[in-house]
Amino acid sequence: MRVPLGWVKDYVSWELDLDGLCERLTLGGLEVTGVEQVGADWDRTKIWVGEVVQVRQHPNADRLVLVTVNHGLGELEVVTGAPNLRVGDVGHKVVFAMEGARLIDGHADTLKYQTLKRGRIRGVESAGMVCSEKELGISDEHEGIIILDPDAPTGMPFADYWGGTVLDLDLTPNLARCFSMVGVAREVAALTAQRFVEPDFALQADGPQIAGQIELEIADPDLCPRYSAALIKAVRIAPSPQWLQRRLILAGMRPINNIVDITNYVMLELGQPLHAFDYRLLRPRQGGGVPAIIVRRAQVGEQMTTLDGAQHTLSGEELLITDGGGPVAVGGVMGGLESEVTDATVDVLLEAANFNNISVRRTSARLKLPSEAAQRFGRGVDPELTLMALRRAADLMRELAGGTVAAGLADVYPGQRALREVTLPLSEVPRLLGIELSLAEVSEMLSLLGFICEPIAGATPALRVTVPSHRLDVSIAADLIEEVARMYGYDRLPTTLMADQMPNVLPEPELELEERARDTLVGCGLTEVITYSLGALESEARLTPGALLPDGAGYLRLANPLSRETEYLRQTLMASMLEAVSRNLRFVKRVAAFEIGRVYLPAPGQPLPAEPTRVCIALTGPREPRSWLANSSPNLNYYDLKGVVEALCLHLGAHNVAFAPGQHVSLHPGRTASLLLDGQPVGVLGEVHPVVRQQFDLPEQTVCLAELELDALIAAAERVVRHRGISRMPALNLDLAVVLDEVVASDSVEAAIRESGGKLLVDVVLFDVFRGQQIGTGKKSLAYGLTFQSPDKTLTTEQAVQQRDRIVRALERAFGAEIRG
């Protein structure tokens, strides 16, 4: 939020310098993220507030005029083509720049500075320039020059008149009370122990009573606890005076016209959003005589067009401001186009209401309608502000737009509540803050913030604290302790150690094994990704060929999603992983990634879902990065993925695993395997189905994907890593090739070889698979490399051959294998 300090000074003064004030605000919770010195580039000796003495026609140009300007030190003549200065004008206050002033080039397309020089334009010497907003960097407006208010002091440096210091505050949601100049001023006064000038605005209302001219009704007081209105007739729509435009610009808002600017000005000043309706466009109820305002929930399917020109179809959860004929505004968010204030507006109905903050946040998010009003209402606005804001804005409209204010203010307040009272035991201060303060000191600090403190008689010192209406964030004693800490100063709070020994760190083997899994996958060359646990049904639908939308009833849905893309809790990691792969393949050719995260599965009859931890792995692209050694490389395939999964199981110590043919709707039929642990499936791996690949906008290349139950692998993991001694004896290597039926799995053959090979068999490697007419149809040849080694003696060739023959006999009995010559 941008806070012009000159505006804040209307309500409080302080003695601190700028750095001291910023530090005090930041330590008090109002973080100052930036300071802008508006006008620091305007030379105080060359850019002045000037007064037009005379405007004459240029003798050699129809579209140019000669302007004589008094800048306080004399009179100079300049040439200009500004359309808002005409022959005969006199007395206008303008911004006058002398020779040597550094200005922005108003005719350049990009930001470009120029130093003003005296020169001749169409034969007439120009001693300076009368400036537009663009030339001074105020805005991009350069069609005409700046016409200042008549009371602008001639001869004052323009930097002193228009410039100022603007703080950029980063306000947390609990500081909703500070989204206004008055709110910031109240905090400055408290933090610097200065007097805060409470705003008290008088209203001159000379029109007839508002009663009988407008009808108000709140049909849903749970969403609108208060609705107030004022009526101003016979207004003139025109530009706002310069002082008001200046403050709006410094605060980061663009001036529009006097009526709209006043509503924005009061919102920035007091924190109460306002909305102006064209009174003559408001409709009465059917059969009624005066315009009616009814605050109600939207009807399902109801439509309305907002001020931004967008048409919205409503869900029935939004709050609407309606007249007798239909919607005229979305409560707390944005007004409607039908009742918009235009140049033809004569009578204005001014709204100041209070809305349920949660409802406003949901509506703003659902309709994608961010606004300054929604930003404030969404955090909470004091309901006692409505009448003060109406008085202030209505009187400004009377003064600046020439309107006549109807006597009285319409006010419906069904949600009125008594001020909250909170009991604060003094013992809570040292317990939570670690400092000793007296009851009087605590009372003084809270009183500076507007709390009313009353000591409670009794053995235990305590305060009965009445919370002011604008402090919506205070409801318990801990909230008051936070205020004491802010006032005392976070930087002054002592650092204290626990008055006890630190608790012992208990081992958490599951987390250690999860970290081991991460280290293993990173060691395999994969990169860890972290995706959102929330997603959309459309995303999970793309995991199915044909993209069939799953039934949302089978998913856990967030009650208040930020968007439709983050509405449901995921039941698989595959969708978010493939989305991440798709995004990354736009910039790189190779992706090797993994994610360890939870999925959320509804548990019938249980209040909470099951949340198993899974690991998802994705591989695609060239196996080797491009280099001078090889400009091309085969793509990663299923066997690369299988090797990563095997390495993961090996390093976790989950040994009793096997791979079997499997099926999965997202993976390619015939190119999918199941991971079995003790014979039970704990994961699936394979190539992504071509249709699924297209639905995720993946390129035409093999994408390998695996999703494993990490909880099951960790449960089966060996907690202690066992090592085996390395033999110093030489090893003997023999080859064995056997012919078997095609249906015999190589894993079964390898298991039989290891079992029959005894302790001397230390390694088995399948190095060749052959199919052909030489061995017959329905047959295959598997060739294994066998390594034999004794831990304590040198093996002879005869001993190794005996072990190999034993293996051959076992394979013949188990599979009917034949030795291939």
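The values are calculated or read from the model by the stated rules, or taken from the named source; none is laboratory data. Everything numeric in this text was worked out from a predicted model, so none of it was measured. As a convention, Cβ positions derive from the backbone with ideal geometry for all residues, glycine included, and neighbour counts pool all protein chains shown. Surface accessibility is based on the protein's heavy atoms, side chains included, excluding ligands, DNA and RNA. Shrake-Rupley method; radii C 1.70, N 1.55, O 1.52, S 1.80 Å.
Would you mind telling me which numbered condition in (1) surrounded by fewer than 16 Cβ atoms within 10 Å (Cβ to Cβ); (2) out of contact with any Pro (no Cβ under 7 Å at 6 or more places or on another chain); (3) in a loop (DSSP other than H, G, I, E, B) residue 681 fails? So residue 681 meets the others, but not (3). Residue 647 falls short on exactly one of the conditions (1) in a strand (DSSP E or B); (2) in contact (Cβ under 8 Å) with a residue 60 or more places away in the chain; (3) among the hydrophobic types (A, V, I, L, M, F, W, C), and that condition is (1). Counting only strands (runs of 3 or more DSSP E) wholly contained in region 340-447, the ones carrying 3 or more residues that are in contact with a Gly (Cβ under 9 Å, 6 or more places away or on another chain) occupy 348-354, 404-407.
Would you pick out the residues in region 492-522 that are more than 30 Å from residue 615 (Cα to Cα), open to solvent by 100 Å² or more (accessible area, probe 1.4 Å) and not aliphatic (A, V, I, L, M)?
492, 495, 500, 501, 504
One line per residue, one yes/no per condition, for (1) under 26 Å from residue 161 (Cβ atoms); (2) not in a loop (DSSP other than H, G, I, E, B):
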residue: 237; (1), (2): no, no
residue: 244; (1), (2): yes, yes
residue: 265; (1), (2): yes, yes
residue: 273; (1), (2): no, no
residue: 277; (1), (2): no, yes
residue: 287; (1), (2): no, no
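Just one residue in the set 436, 421 is open to solvent by 80 Å² or more (accessible area, probe 1.4 Å) and farther than 25 Å from residue 499 by Cα; that residue is 421.
Note on region 587-607: among residues that are under 30 Å from residue 523 (Cβ atoms) and part of a strand (DSSP E or B), the one that is most open to solvent (accessible area, probe 1.4 Å) is 598.
Given the criteria closer than 30 Å to residue 612 by Cα and of a type in the set (A, V, I, L, M, F, W, C), does residue 716 qualify? Here the answer is yes, as residue 716 does meet what is asked.
Within region 110-133, restricting attention to residues that are closer than 22 Å to residue 249 by Cα and open to solvent by 40 Å² or more (accessible area, probe 1.4 Å), the residue that is modelled with the highest pLDDT is 113.
When every residue of region 180-201 is checked against the conditions, at least one turns out to be β-branched (Val, Ile, Thr) and within 23 Å of residue 409 (Cβ to Cβ).
Restricting the first member to region 559-586 and to residues that are under 30 Å from residue 317 (Cα atoms), and the second to residues that are part of a loop (DSSP other than H, G, I, E, B) and open to solvent by less than 10 Å² (accessible area, probe 1.4 Å), the beta-carbon pairs closer than 9 Å and six or more apart or on different chains are 569/599; 570/599; 571/599. Looking only at region 98-152, residues that are part of a strand (DSSP E or B) and closer than 14 Å to residue 41 by Cα come to 6 in all.
Screening residue 335 on (1) at pLDDT below 95; (2) open to solvent by less than 20 Å² (accessible area, probe 1.4 Å); (3) not aromatic (Phe, Trp, Tyr); (4) not in a strand (DSSP E or B) shows it passes everything except condition (4). Of the residues screened, residue 705 is not one that is among the hydrophobic types (A, V, I, L, M, F, W, C) and surrounded by fewer than 20 Cβ atoms within 10 Å (Cβ to Cβ). Reported count of residues in region 23-39, each being part of a helix (DSSP H, G or I), open to solvent by 20 Å² or more (accessible area, probe 1.4 Å) and touching a residue at least 12 places away in the same chain (Cβ under 8 Å), is 2.
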